[in-house]
1. How large is ³J(HN,Hα), in whole Hz, for each residue of the range 124-134 in order, when computed from phi with the Karplus curve 6.51 cos²θ - 1.76 cosθ + 1.60 and θ = phi - 60°, using x for Gly and Pro?
2. If you take the square roots of the eigenvalues of the alpha-carbon gyration tensor of the chain and sort them as a ≥ b ≥ c, do you get rounded (a/c under 1.5), prolate (a/b over b/c) or oblate?
3. Report the local net charge at Val98: Lys and Arg +1, Asp and Glu -1, summed over other residues whose C-beta lies under 10 Å from its C-beta.
4. Going by alpha carbons, how many degrees (0 to 90, nearest 10) lie between the helix axis of 3-20 and the longest principal axis of the chain?
5. Using a Cα-Cα cut-off of under 29 Å, which lysines could be cross-linked to Lys97, ignoring same-chain neighbours fewer than 8 residues away?
6. Give a residue-ordered list of calculated ³J(HN,Hα) values for the range 55-64 (Karplus: 6.51 cos²θ - 1.76 cosθ + 1.60, θ = phi - 60°; whole Hz; x for Gly, Pro).
7. Mind ordering 52-62, 67-77 by average Cβ neighbours within 10 Å, highest first?
8. Please compute the per residue accessible area over the chain with all protein chains in place, 1.4 Å probe, rounded to a whole number of Å².
Amino acid sequence: MTREEKFMQQAIELSHNGMHNNEGGPFGCIVVKGNEIVGKGNNKVTSTNDPTAHAEVTAIRDACKNLNTFQLEDCEIYTSCEPCPMCLGAIYWARPKVVYFANTRTDAANIGFDDSMIYDEMAAPIHERKIPILPIGRNAAIKVFEAWQNKQDKTEY
């Protein structure tokens, strides 16, 4: 068994344990730096009433807390399933060097976790989306962006 397969097995175990403990759906994830697991997560959507508590997001939060950083540039992510659009966004913001996944998005759809509507919505023009997404308040909000742009002591990311 390769190093990567061993780490993936641990992500899969997290998915099984979280599901078995009724914490959420059957998804698990670990974050690895070097040869050390620095973050762990499993889906906790239903147990925490948090729709963002997917395995990848909980693992990224755990790793960032443990490493005291908001970037995971030197890290690898092992997730038991191909990341959904939200998790993929979180992964890109965290900037790991690689992501390994086991089950595919089609496998997830086959058991009731179908993200195809979200992928379709992301590609649709804003005025054609199922949930109305309407602009309001830009004149006030743009002033905050301008202040950010001119802020001298900001932390870039």
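1. Ordered by residue, 3J(HN,Hα) equals 7, x, 3, 6, 10, 6, 5, 9, x, 10, 10 Hz.
2. The shape class here is oblate.
3. -1
4. Approximately 80 degrees, to the nearest ten.
5. Correct list for Lys97: Lys6, Lys33, Lys40, Lys44, Lys65, Lys154.
6. Residue by residue, the range 55-64 yields 4, 5, 5, 5, 5, 4, 4, 5, 5, 5 Hz.
7. In descending order of packing, they fall as 52-62, 67-77.
8. 67 Å²
The values are calculated or read from the model by the stated rules, or taken from the named source; none is laboratory data. Please read all numbers here as calculations on a predicted model, not as lab measurements. Please note: Cβ atoms are built from the backbone with ideal geometry, for glycine as well, and neighbour counts cover all protein chains shown. For accessibility, only protein heavy atoms count, side chains too; no ligands or nucleic acids. Shrake-Rupley method; radii C 1.70, N 1.55, O 1.52, S 1.80 Å.
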